[in-house]
Every structure is written in C-alpha cells, then in structure tokens.
1. Amide H of Ser142: which non-local residues (sequence gap of 5 or more, or other chain) have their own amide H closer than 5 Å, using H built in the peptide plane?
2. Once phi is turned into θ = phi - 60°, what whole-Hz ³J(HN,Hα) does the Karplus curve with 6.51, -1.76 and 1.60 give for every residue of the range 13-19, x standing for Gly and Pro?
3. For the range 135-140, in order, what is each residue's ³J(HN,Hα) by Karplus, 6.51 cos²θ - 1.76 cosθ + 1.60 with θ = phi - 60°, in whole Hz (x at glycine and Pro)?
4. Sorting Asp157, Asp135 by accessible area (1.4 Å probe), largest first, what list results?
5. If a paramagnetic tag sat 7 Å from the Cα of Val133 along the Cα-Cβ line, which residues of the range 142-172 would have the backbone N under 18 Å from that point?
6. Mind listing the long-range amide H neighbours of Arg169? Cut-off is under 5 Å, sequence gap 5 or more, other chains count too, H placed in the peptide plane at 1.01 Å from N.
7. Between Ala66 and Arg14, what FRET efficiency comes out of the Förster formula 1/(1 + (r/R0)^6) with R0 = 22 Å and r the beta carbon distance, rounded to 0.05?
8. If I take R0 = 22 Å and measure r between the Cβ atoms of Glu31 and Glu124 in this structure, what FRET efficiency does the formula 1/(1 + (r/R0)^6) give, to the nearest 0.05?
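The values are calculated or read from the model by the stated rules, or taken from the named source; none is laboratory data. Computed from a predicted model, the values in this text were never measured in an experiment. Note: ideal-geometry Cβ built from the backbone for every residue, glycine included; neighbour counts use all protein chains shown. Quick note on the areas: whole protein, heavy atoms, side chains included, nothing else; ligands and nucleic acids left out. Shrake-Rupley method; radii C 1.70, N 1.55, O 1.52, S 1.80 Å.
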Amino acid sequence: MAAGGSGSRIAHLRALIDHPATGAEERATAERMLLRLLRKAGDAAGLRPVGDRTFGRQYDKVGRHADLPEIVAMIRADLAFARTFSAPGLPTELEVSSPVRAAPAAISYSVDQPSYGRIVITIEGVPAEWGWVYDGGIAAASPALQALAEELAEIIDAYNHDGSDTGKRFFGGVRTADTTLVW
C-alpha cells in the first residue's frame, strides 16, 4: 500500500463523521468502517479474543441482542458505502486497493438471511472474463473474484462471535449468483 493510503482514508472517515451535515445513517456507517479500519490496522485477523471467545470488529456496534435482519441491514449499508465513498482516480481516493470498489460496475450484491442463523452475500453479474479462470475446461474463481469474496467475508465476520461456550452468532457465506461458493 502506498504511504498515507490507509491514513488518509482514516482521516477522511473522521472528517465525514465529524461534519455537521452528515446524516445519522451515513455517520453510523462511516463509524463502522472507521472502527473496521482501525482494528484492521492493529489486528490483521479482525477478531478480538476475550477468554476463549472471539468477537468480530463490528460486534459491539450491533449489540449482543441484535437479530440477524438488523445485521443484514448493516452489512448492506457497509457494502453500499464501500462502493460509493470514493471513486478510483479522484483526488479523494482513499486506498490503493479496495476489492469492493475495484469490482466491475456490472457486479451487484444481495445480502440475505436464507435460513435461521445464516447470512449470505450473493455476488451477481460477474463478468466471465473478470471472475473466472479456466483450467482444462474447469472454471475456478479468478484471483480478483477471490479477493472480492474474502473482503465480503471479512465484512460478514466483523459482526460475528464464536466461543466454546456460545458457538457462532450466525454462519456466513459468500457465493456467486450461480450458487458457486467462493468463500
């Protein structure tokens, strides 16, 4: 990452949070992204250990009694914010590489709760030449699609917890519209 890439993103998010014209929902989303960036800078795994339990970066934002539809709504807001906060190449560009922002414009995302205890992000409209590599006629996720799936998985995991006495809050997954699991 270029020098100042993450630092300028943090400064930009703080300015957005502190600006009096920022709406409540946009401020909340910016706060979640700032917390995610700050924790990512200090903890590459993204999980906070507490005893034998681990908590995702955003766990405290939704609270321990939040239901999955609330978490799904926050994940949707995080994805929309990540995609539109800054366009690549503009002077306000915040980071050298963001898989969500760098994905082709044709790609869209849906965040659903298909069953109790499960949250799935579906990547839709993946261009074949961008998302897939073929080896002997067998398709596999391209490195760019895999990086995107890993970023989306990190967003999901930020709201989760796990531990020997509690188990996971929910099970997350990332797939493409043709139901191929990529994470």
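1. Distant-sequence amide H within range of Ser142: Trp132, Val133.
2. 5, 4, 5, 5, 5, 7, 5
3. Residue by residue, the range 135-140 yields 10, x, x, 9, 7, 9 Hz.
4. Largest accessible area first, the residues go Asp135, Asp157.
5. What the label zone holds, given the 18 Å backbone N cut-off, is 142-151.
6. HN-HN under 5 Å from Arg169: His161.
7. With R0 = 22 Å, the Cβ-Cβ based efficiency is 0.30.
8. Once the sixth-power term is evaluated, E becomes 0.20.
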